[in-house]
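FYI, it's all coordinate maths here, none of it is from the lab. Please read these numbers as outputs of a predicted model, since none were measured by experiment. Here the Cβ is made from the backbone with ideal geometry for all residues, glycine too, and neighbour counts use every protein chain on show.
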Ligand code: BES
Ligand code: ZN
């Protein structure tokens, strides 16, 4: 019933916009880009009627109650005649809503949907430019993770961080939570004295005495890039525009690990145009952060699991930095277009790494992508989920998290690589430069990208489009024009694996990076016996590696055979680390046997309090 009314209103709105556009051109503040707004199945907002241009936040962070309380003041631009606005909320307690004149506005919270949350409908009196919503977050605020001191590196102070992507911003701010809508924001945030607050905005570099911090994000961003971290962190400079925040005990290691950040920034600019966000900093979060990295503008949020000690995992920084163009500057209009964010970013990431470390290095990354992609496609096809292998997704009714697979990342990457190889790098780079500059601070649908591609890559250069263009984007599986990867370094690893299988251990590993080790371990025979694992441990001690990528793939083998000598280390790893990418494959392997399932449940009982919602919600499903 609700859906029917919703659809009806949307159609009516679209119809009336069309009408209004013709008759009242001058009154329209919302631009003709508005078609791109509609059709976001993951937001209650109706941008055809009204959009948010700016948000002022006045927030207080309370570690005792684990709540954020305050006011969000939205500056809105609405169509003439529109007398209400729809916002997204999840588990928020709304206290009151006022307009710029201080008049109370009527509002209604709709029914709570387990994925989308509840629509907040606010009646407008007619003339308001601003609406102020006083609220507190709920106990379950899904974006937020509140950590006790023991869950941090230094164990002295509590910590809070947010993770808004994909649709969790609504659990800490009432807003139009759709990537097709962008706004600027300012914030005043009060935190306990002695702590620093950081946002996806202009940031402080020192802890102040008042505990009150002011932020400004003058470039319009989509809601999923709203971010906040609060902790006892310190800042250290890397280059003129780059630096790292970390807990004091981690700061030195962090600065060393990320010393290439300034170079990466310059390489990225040389490739695809000026960096538009001022500074590029990174904060090292506690290990429960559920992702490797999150591209919050001006300050990437990162997992400490990339502190390998040898800079071998910094391609993740290149990835998050690349999002400053693909994603943050040119944004997927809906989560069905997620590949526009991630596929472009993986492509860009590998180009940065190629410029920094050479083609051989970047080809290792591509090769890991290819293997991940082939495995994922195979898995989806076998389990009857062909649709999940399409670049353009249809996630209506599903959680946008379901779209976070190797398809968006790696099929997206190989599609762009295919285009590059077809037209040549020079023309492709020229095209990408134009793509980023023409769409800067805008959101884009897959369809609009294809139109732009045809015009500016093919027609302009008088090149016939690739024949399987639509197949790449709209079909399941992988087109036969999937590019080949040629990794010389991995060929040596493959040779080493063959040698090892023959019980010959005399291969040279002295120059191996994390990537070579990951490739080696991943490609060991699937039926590796416990005895073989023991031999490998004697020689390489994988079980006690300090490198999370190595542990992540090694423990998959161990969990398959419940390899006893690794179980304690595995359990510690699963409890300490909250990064979903490492957790899922190990738990998935464990639950395949009865005994393994028991072990998985025991570990999970201890680990769950340490996981962020995005990790625990995936694992709850697996271990229910
Ligand atoms: N933006 C993503 C993380 C994300 C995606 C969060 C979808 C929520 C929903 C980020 O840029 C990312 O892709 N992180 C990867 C690292 C990367 C090197 C592939 C990760 O966390 O593993
Ligand atoms: Zn990404």
Nearest 10 degrees, 0 to 90: what angle lies between the long axis of helix 261-272 and the longest principal axis of the chain (Cα atoms)? 70
Any chance you could give the angle, 0 to 90 degrees and rounded to 10, that helix 338-357 forms with the longest Cα principal axis of the chain? 50
Exposure proxy check on 616, 223: fewest-to-most Cβ neighbours within 10 Å is 616, 223
Kirkwood-based shape ratio for the chain, expressed as Rg/Rh from alpha carbons: 0.96
Arranged by the count of other C-beta atoms within 10 angstrom, fewest first, what order do 107, 347 take? 107, 347
With labels modelled as points extended 7 Å from the Cα through the Cβ direction, what inter-label distance (nm, one decimal) is found for residue 534 paired with residue 510? 3.1
Footprinting proxy, 558, 183: sorted fewest to most Cβ within 10 Å, the residues are 183, 558
Classify region 330-474 as rounded, prolate or oblate, taking a ≥ b ≥ c as the square roots of the eigenvalues of its Cα gyration tensor: rounded when a/c is under 1.5, otherwise prolate if a/b is larger than b/c and oblate if not. oblate
Taking the alpha-carbon set of region 45-111, what are its Rg and Dmax in Å? 13.6, 45
Can you classify region 473-602 as rounded, prolate or oblate using the Cα gyration tensor, where a ≥ b ≥ c are the square roots of its eigenvalues, rounded means a/c under 1.5, and otherwise it's prolate if a/b beats b/c and oblate if not? oblate
On Cα atoms only, tilt of 567-576 relative to the major axis of the chain in degrees: 20
Expressed as a whole-number percentage, the relative contact order of region 330-474 with C-alpha contacts under 8 angstrom and at least six residues apart is 36
Roughly how far apart, in whole Å, are the Cα centres of region 313-334 and region 250-269? 16
Net lengthening on full extension, residue 452/residue 601 (0.36 nm per residue, minus Cα-Cα): 48.7 nm
Test of understanding: what is the full-extension gain from residue 484 to residue 53, defined as 0.36 nm times their sequence separation minus their Cα-Cα distance? 150.7 nm
Let me have the 222 nm mean residue ellipticity of the chain computed from DSSP H runs of 4+ only, each contributing -39500 (n - 2.57), with the sum over all residues rounded to the nearest 500. -11500 deg cm²/dmol
Under a crude label model (7 Å from the Cα following the beta-carbon direction), how far is residue 148 from residue 379 in nanometres? 3.3
With each pseudo-label sitting 7 Å past Cα toward Cβ, what's the residue 568-residue 95 distance in nm, one decimal? 5.1
Is region 165-298 rounded, prolate or oblate when judged by the Cα gyration tensor, a ≥ b ≥ c being the square roots of its eigenvalues, rounded requiring a/c under 1.5 and prolate requiring a/b larger than b/c? oblate
Over the chain, what relative contact order in percent results from Cα pairs under 8 Å that are six or more residues apart? 10
How long is the gain from residue 470 to residue 193 if the chain were fully straight, where each residue apart is worth 0.36 nm and the alpha carbon distance is subtracted? 94.1 nm
